[in-house]
Amino acid sequence: MDLGLFVREEDDWTVLAVSGEIDIATAPSLREKLHGLLADGRLHLVIDLDEVTFLDSTALGVLVGVLKRARTEGGELRIVCNQPRVRKVFEITRLDSAFDLCTSVEDAVKGGAQD
Amino acid sequence: MGDRIELDVPARPEFLSLVRSIVTLIAETGSKLPDRRIEDLRLAVTEACANAIDAERRKPQVERRPIVVRCDLEADYVVVEVHDEGGGYDPAALASDPDVTRPARLMFERGLGIPLMRELSDELELRPEGAGTTVRLTFTAHLRR
């Protein structure tokens, strides 16, 4: 199953909208896309997970890696996540406290950590 | 004695989505677990199968075996076992990861699968079996969170 990855610019942020299921089969394409954006100098990233129907620990590993790299290079990473089943994965692993989880792309590009 | 369904699945990532869909349907059809517990099962089984596939993929291609997924269905609980022949795991390596509740844990990119399985299931058992590992996950109708 393919992962949908759509990039757009909003204000000074690069928004990556992801759709589909993220697991060991699809996480490599997400990792490649995000590290490609960072390599292009797009250091202020919003990852919109609202169209993601499934996410496992492999996906979390990718996001943690990107968060570390973005911060190391002086950037920021914010995540839009409203789906209870996806949000629950962040909560169980306590990663909700490591990421800026936002309720909309608009909130993310304005200030982040709105909730 | 309830029903048992057993699947032999090629140890390739592209089959993972199919396996979790089938196991989810099996649990929905053969048990009375509520939807939220079915969701927990879907994620935990994915984690177990991903680890099993990873274990098989560490072997040379000609030696790789299918992973085995067994579902035991009772009215009020489901047991899913995932078996690989991937050489087993090192319990000491697992113990060295910081606990999931510690701040230092947050920056580890790997090793989140077993804590997730532990949180999502009512019982998690990892045991050596054959040339590899069997992960046994038990889910009851009880809502954990």
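The values are calculated or read from the model by the stated rules, or taken from the named source; none is laboratory data. Computed from a predicted structure; not experimentally measured. All Cβ positions, glycine included, derive from the backbone under ideal geometry; neighbour counts span all protein chains shown. All accessible areas refer to the heavy atoms of the entire protein, side chains included, with ligands and DNA or RNA removed. Shrake-Rupley method; radii C 1.70, N 1.55, O 1.52, S 1.80 Å.
Using 0.36 nm per residue of separation minus the Cα-Cα distance, give me the extension gain between B:Asp54 and B:Glu123 in nm, one decimal.
On the way: separation 69, 0.36 × 69 = 24.84 nm, distance 2.25 nm.
Here the segment from B:Asp54 to B:Glu123 would lengthen by 22.6 nm.
As a calculated quantity, the FRET efficiency between B:Glu74 and B:Arg110 at R0 = 30 Å, using C-beta atoms, amounts to about 0.35. Taking amide H atoms as placed 1.01 Å from N in the peptide plane, the amide H of B:Glu129 lies under 5 Å from those of B:Thr134, each 5 or more residues away in sequence or on another chain.
Annotation for the A:B interface, with buried accessible surface near 2300 Å², both sides summed [1.4 Å probe; non-protein components not counted]. When Rg and the Kirkwood Rh are both derived from Cα coordinates, the Rg/Rh ratio for chain A amounts to 0.91. List the lysines whose alpha-carbon lies under 17 Å from that of A:Lys68, not counting same-chain residues fewer than 8 positions away? Excluding near neighbours in sequence, the set is A:Lys33.
Here the Gaussian network model covers chain A, with springs between Cα atoms less than 10 Å apart; of A:Ala17, A:Ala59, A:Ala25, A:Ala25 fluctuates the most. A 1.4 Å probe over all protein chains sorts A:Val86, B:Val62, A:Val7 by accessible area into B:Val62, A:Val7, A:Val86, starting with the largest. Solvent-accessible area assigned to carbon and sulfur over chain A amounts to 44 percent, based on a 1.4 Å probe. In this structure A:Lys33 has an accessible area near 70 Å², from a 1.4 Å probe over the protein heavy atoms.
For the pair A:Glu32 and A:Thr103, label points projected 7 Å from Cα toward Cβ lie 3.7 nm apart.
Give me Rg over Rh for the protein assembly as shown, both radii from the alpha carbons and Rh done the Kirkwood way, two decimal places.
Using Cα coordinates only, the ratio equals 0.98.
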